[in-house]
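Asks: Have a look at this one before I ask anything.
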Amino acid sequence: MTIPLVDLKAQYDSIKEEIDAAIQRVLQSGQFILGSEVKAFEDEMAAYCGAQYAVGVASGTDALQLALLACGIKVGDEVITTPFTFIATAESIAKCGATPVFVDIDPKTYNIAPEKIEQYLQSRQITSHQSPVTALLPVHLYGQPAAMERILDVAGKHNLKVIEDCAQALGAEYKGRKVGSLGDAGCLSFFPSKVLGAYGDGGMVVTNDPEIAETVRILRVHGSKTTYQHVMHGFNSRLDALQAALLRVKLKYLDRWNELRRSKAALYTRLLSQVDGIEPPYFEKNCKSSCNYYTVRIKGSRLDRDELRKHLESKGIQTMVYYPLSLHLQEVYKYLKHKSGDFPQSEQAQEQVLTLPMYPELSEEQIEEVASEIKKFVNR
Ligand SMILES: Cc1ncc(COP(=O)(O)O)c(C=O)c1O
């Protein structure tokens, strides 16, 4: 039996008729960029996220950059974020001309540690008259909400914007509220493997701030409010009508799919919690993870994460390491002059995490098979 990391074909098969009908509807309409499908999807997404505005863009990466720009992030600013994330998080900060400032993660949740944010801000206040930090960019990694209450509290005290990277966390809840609507702006990705995946690239900014929404709308069409009237330099970053129409079909199923993901995660955890050296993910009690990824930690000197990966691969079980090299150690960030040991929790996580197959259609037998192969490896 082959068990893929994600199975997009199984999902398509389950909603094939509706997807095919939506494709036909868009092809017949002759409108392929922005337009009524995108507008309808934006309205539905704003309602879903509990935000007032939603603006569709070309990718999650663009959502981050446009949201940062719309929040006023500029050359010379510092934006605090996590080193344990996908490159797009920090890249978007750098592309605004600002400096990504990494602080370490909480080893339990893999998300940015609020006390480390505070420590950095305190050190900055001591060394410079006016701190150049203008925003915080927490990531809800694997679908688990970051510690938003404390993050928002720090942001309030220091007058900082908060941009949430929700690429892996659409539908996740923090104390009963959907992520994305908690900070100044939330950034979504519709990359195919995400919980709401397009058949191509796509992204979105959600916000309760009318000015941020309006600026993102202007930025996504070359800085123009009215056709051929340009008020700033912008981007070509529009959401395709085809993707919007397909995502509208999928959005109706999202809560059910996320619920299924959580139940699959619970089964994995039941099967793996007694296995020596395997630490299942920690889920905060007052949060609901989207469970985009189910990531375990391989602990102890006896178990080698990469050997376990190889063993699972030999049995047809796909896994992935999100992420094998923390961002502060990436060549592109050499100029920040970090070294090994600067963020020990992030560096330990990169050596130990392993993401197992996870998708709503994953069967109990498949989960049992994955768990059984892990146990075999551990007890070999
Ligand atoms: C945490 C995180 N941020 C940002 C992105 C960027 O999204 P996209 O691939 O849609 O540009 C991704 C997805 O790949 C991600 O996982």
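Bear in mind these aren't lab numbers, they're just calculated from the coordinates by the rules spelled out. Predicted model, so just to flag it, every value in this text is computed and none were measured. Every residue, glycine as well, gets a Cβ built from its backbone with ideal geometry; the counts of neighbours run over all protein chains shown.
Asks: Taking the Cα centre of region 36-118 as origin, work out the dipole magnitude from +1 charges on Lys and Arg Cβ and -1 charges on Asp and Glu Cβ, in debye rounded to 20.
Replies: Rounded to the nearest 20 debye, it is 140 debye.
Asks: What's log10 of I(q)/I(0) for region 13-116 at q = 0.14, 0.19, 0.20 Å⁻¹, Debye sum over Cα points only, no solvent?
Replies: -0.78, -1.03, -1.07
Asks: Same structure, new question: For region 335-380 and region 48-85, what is the centre-to-centre distance using only Cα atoms, to the nearest Å?
Replies: Computed from Cα coordinates, the inter-centre distance equals 28 Å.
Asks: Give me the aspartates and glutamates in straight-line cross-link reach of LYS39: C-alpha distance below 19 Å, same-chain residues under 8 apart excluded.
Replies: Within the straight-line cut-off, LYS39 pairs with ASP62, ASP201, ASP209, GLU211, GLU214, ASP240.
Asks: Put +1 on the Cβ of each Lys and Arg and -1 on the Cβ of each Asp and Glu in the chain; which of CYS291, GLN125, ALA47 then has its Cα farthest toward the positive end of the dipole?
Replies: So the residue furthest toward the plus end is GLN125.
Asks: Past 28 Å, Cα to Cα: identify those pairs from LYS9/LYS108; LYS16/LYS225; LYS116/LYS175, in the order given.
Replies: As for pairs spanning more than 28 Å Cα to Cα, those are LYS9/LYS108; LYS16/LYS225.
Asks: Computed on alpha carbon atoms, what radius of gyration and Dmax characterise the chain, expressed in Å?
Replies: Final numbers for Rg and Dmax: 20.9, 68 Å.
Asks: Under a Cβ-Cβ cut-off of 12 Å, what is the net charge of the residues other than CYS71 that fall near it, where Lys and Arg count +1 and Asp and Glu count -1?
Replies: Residues near CYS71 contribute -3 overall.
Asks: Rounded to the nearest Å, what's the spacing between the alpha carbon centres of region 136-182 and region 253-281? Just the number, please.
Replies: 22
Asks: Within a 10 angstrom radius of the beta carbon, how do ILE105, ILE87 rank from fewest other beta carbons to most?
Replies: With the fewest neighbours first, ILE105, ILE87 line up as ILE87, ILE105.
Asks: Continuing with this model, one more query. Where does the chain land at 222 nm, in deg cm²/dmol rounded to the nearest 500, when only DSSP H runs of n ≥ 4 count, each adding -39500 (n - 2.57), divided by all residues?
Replies: After summing the helix terms and dividing by residue count, I get -12500 deg cm²/dmol.
Asks: Under Stokes-Einstein, with the Kirkwood radius over Cα pairs standing in for Rh, what whole-number D in µm²/s applies to region 1-60 at 37 °C and 0.692 mPa s?
Replies: 234
Asks: Sticking with this one: If contacts are Cα pairs under 8 angstrom and at least 6 residues apart, what is the relative contact order of the chain in percent?
Replies: 22
Asks: Enter the Cα centre distance for the pair region 1-22 and region 210-236, rounded to the nearest angstrom.
Replies: Between the Cα centre of region 1-22 and that of region 210-236, the gap is 36 Å.
Asks: Place a +1 charge on the Cβ of each Lys and Arg in region 123-249 and a -1 charge on the Cβ of each Asp and Glu, then give the dipole magnitude about the Cα centre in debye, rounded to the nearest 20.
Replies: Dipole of region 123-249, to the nearest 20 debye: 20 debye.
Asks: Set Lys and Arg Cβ to +1 and Asp and Glu Cβ to -1, take the dipole of the chain about its Cα centre, and tell me which of TYR12, LEU247, GLN144 lies farthest positive.
Replies: Result: GLN144, furthest along the dipole toward the positive end.
Asks: To the nearest 20 Debye, how big is the dipole of region 194-265 about its Cα centre, given +1 on the beta carbon of each Lys and Arg and -1 on that of each Asp and Glu?
Replies: 400
Asks: Quickly rank 263-275, 343-355 as a protection proxy: mean count of other C-beta atoms within 10 Å, highest first.
Replies: The most tightly packed comes first, giving 343-355, 263-275.
Asks: Also, quick follow-up: How many times 2.2 N^0.38 Å is the alpha carbon radius of gyration of region 271-380?
Replies: Taking the Cα Rg and dividing by 2.2 N^0.38 Å, one obtains 1.19.
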